[in-house]
Amino acid sequence: MTLPQTSREMLAIAGGTPVRPTLLPYGRQSIEQEDIDTVVAVLRSDWITTGPKIQEFEEAFASEVQARYAISFSSGTAALHAAAAVSGLENGDEAIVAPLTFCASANCVLYAGARPVFADVCPDSLNLDPDAAARRCTSRTRAIIAVDYAGHPADIGALRPLAESHGALLIEDACHALGATFQKKRVGGLAHMTVFSFHPVKHITTGEGGMVTTNDAELAAKLRVFRSHGIASDARMRQASGAHFYDMVSLGYNYRLTDISCALGLSQLRRLGTNVQRRREVAEIYRRAFAAMPAVTAPIVRDDVEPAWHLYPIRLKLDRLNGSRDDVFAALRAENIGVNVHYLPVHLHSYYRQNLGTGPGDMPVAEQAYRELISLPMFHGITDRDIADVVQAVGKVVAYYAR
Ligand SMILES: *Cc1c(COP(=O)(O)O)cnc(C)c1O
């Protein structure tokens, strides 16, 4: 201990009293009575899967994000797989991928038999850097997969023309960005295909679930066939027409979302606006609080976007601290603040190192960010009291480690 004890509170990790008596999670769903009622009604109906709720949810979702088509999937990962497959990626092809993301954003390229090629992120938004992506494009590039990190839309204005100039498609992994806008337009109809997830920590949930939105009728048709074994008609259509015949026209999967899940999604979708609004309020409270803490950098927001705030990742100014990110992380957990780290860059996972030959030093901006990032609790059901606890705990811990 080099500084006088008086300026520092005893941390919970060292035996002091934690800021909260119980753990505040970093994210969680909210389920209301109307959600339960809608799901129960489907359970009592004739169709619990491949029934009418699927189309209802897809149409409501498409209209919500201002896209022409929405195709539902059993998870965000299945939706990414479908998007990668229908973009035409095959053996020998390449897709440019942002490294600071959940591994599924890159895995979908491998599912399609193609090669993920990582390109570094911008130092401010931590989204795929269009210049870095341009440098990694080759004649084999068929797709660019951009991630809206934390809910801040990627630079679609630069990335879409870049993809098109290479005859490739832009796939926007918007699993963090449902409700976000880019240049006043909703994320969902901006890239060639946009992918969403309905995992419980996301903006709305169906338990597990995902969606691809597109304005392209041909891609929409391919996505529907891919979702159901590569078969060109579904069971309900066959029942309605009285026909038994079906034809498998391509290799597909069973990636369907159930009517039970779609009913939950429909009900949740009605609260998307208020969920995102609350997340923006939370981000604003955090931003003001952290402006007063010199060792903490709040996430930036570029001028032309409104983020949807799936995550609230702060960055530590390590040159102002005597501890590492992991020290601060462990201390915050001990204070019962459910912090997290998003993400270990994908190219540093063992599988990628061993099979694609990637490694440390490949993506310096993403790797530096990784050493500094801590995600604070961010969900629409968080209370003002919870937020105050987070701010107090971060203040307490960074004051303790301050140089
Ligand atoms: C959540 C998430 C996914 C995967 O979604 P699942 O529904 O969990 O399969 C993919 N990419 C990103 C960036 C995500 O956050």
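Descriptive notes on the structure:
- Looking across region 143-196 at every residue that is assigned to a loop (DSSP other than H, G, I, E, B) and charged (D, E, K, R), the one that is farthest from His342 (Cα to Cα) is identified as Lys184.
Conditions tested, residue by residue: (1) at pLDDT below 95; (2) within 16 Å of the ligand (Cβ to nearest atom); (3) in contact with a Lys or Arg (Cβ under 6 Å, 6 or more places away or on another chain).
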| residue | (1), (2), (3) |
| --- | --- |
| Asp155 | no, no, no |
| Pro161 | no, no, no |
| Asp173 | no, yes, no |
| Met237 | yes, no, no |
| Asn254 | no, yes, no |
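- When the residues of region 202-222 are filtered to those that are surrounded by fewer than 20 Cβ atoms within 10 Å (Cβ to Cβ) and within 16 Å of Asp35 (Cα to Cα), the one that is farthest from the ligand (Cβ to nearest atom) is Gly207.
- Residue list for region 18-37, filter: more than 25 Å from the chain's Cα centre (by Cα) and within 17 Å of Thr274 (Cβ to Cβ): Gln33, Glu34
- Number of the condition not met by Ala232 [criteria: (1) buried (at least 16 other Cβ atoms within 10 Å of the Cβ); (2) of a type in the set (Gly, Ala, Ser); (3) at pLDDT 95 or above]: (3)
- Comparison of Ala78, Ala112 shows that the only residue that is among the hydrophobic types (A, V, I, L, M, F, W, C), at pLDDT 95 or above and more than 15 Å from the ligand (Cβ to nearest atom) is Ala112.
- Within region 183-201, considering residues that are on the phi < 0 side of the Ramachandran plot and among the small types (Gly, Ala, Ser), the one farthest from the ligand (Cβ to nearest atom): Gly189
- Listed conditions (1) farther than 20 Å from Arg160 by Cβ; (2) more than 12 Å from the ligand (Cβ to nearest atom); (3) of a type in the set (A, V, I, L, M, F, W, C) are all met by Ile96, apart from (1).
- Asn336 in contact (Cβ under 8 Å) with a residue 24 or more places away in the chain, touching a helix residue (DSSP H, G or I) at 6+ places or on another chain (Cβ under 9 Å) and over 27 Å from Asp124 (Cα atoms): yes
- The criterion of at least 2 residues that are in contact (Cβ under 8 Å) with a residue 60 or more places away in the chain, in contact with a strand residue (DSSP E or B) (Cβ under 8 Å, 6 or more places away or on another chain) and closer than 26 Å to Met237 by Cβ is met, among strands (runs of 3 or more DSSP E) falling completely within region 1-119, by 69-73.
- Which numbered condition Arg227 fails, given (1) within 15 Å of the ligand (Cβ to nearest atom); (2) more than 18 Å from the chain's Cα centre (by Cα); (3) on the phi > 0 side of the Ramachandran plot: (3)
- Restricting attention to region 131-155 and to residues that are hydrophobic (A, V, I, L, M, F, W, C) and crowded, with 24+ Cβ neighbours inside 10 Å, the residue that is nearest to Thr101 (Cα to Cα) turns out to be Val147.
One line per residue, one yes/no per condition, for (1) in contact with a helix residue (DSSP H, G or I) (Cβ under 9 Å, 6 or more places away or on another chain); (2) more than 16 Å from the ligand (Cβ to nearest atom); (3) closer than 27 Å to Leu178 by Cα:
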residue	(1), (2), (3)
Arg278	no, yes, yes
Tyr286	yes, yes, yes
Pro294	yes, yes, no
Thr297	yes, yes, yes
Ile300	no, yes, yes
Arg315	yes, yes, yes
Leu321	yes, yes, no
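The values are calculated or read from the model by the stated rules, or taken from the named source; none is laboratory data. Here the structure is a predicted model, which is why all the values come from computation and not from measurement. So basically every Cβ, Gly included, is an ideal-geometry build from the backbone, and we count neighbours across all protein chains shown.
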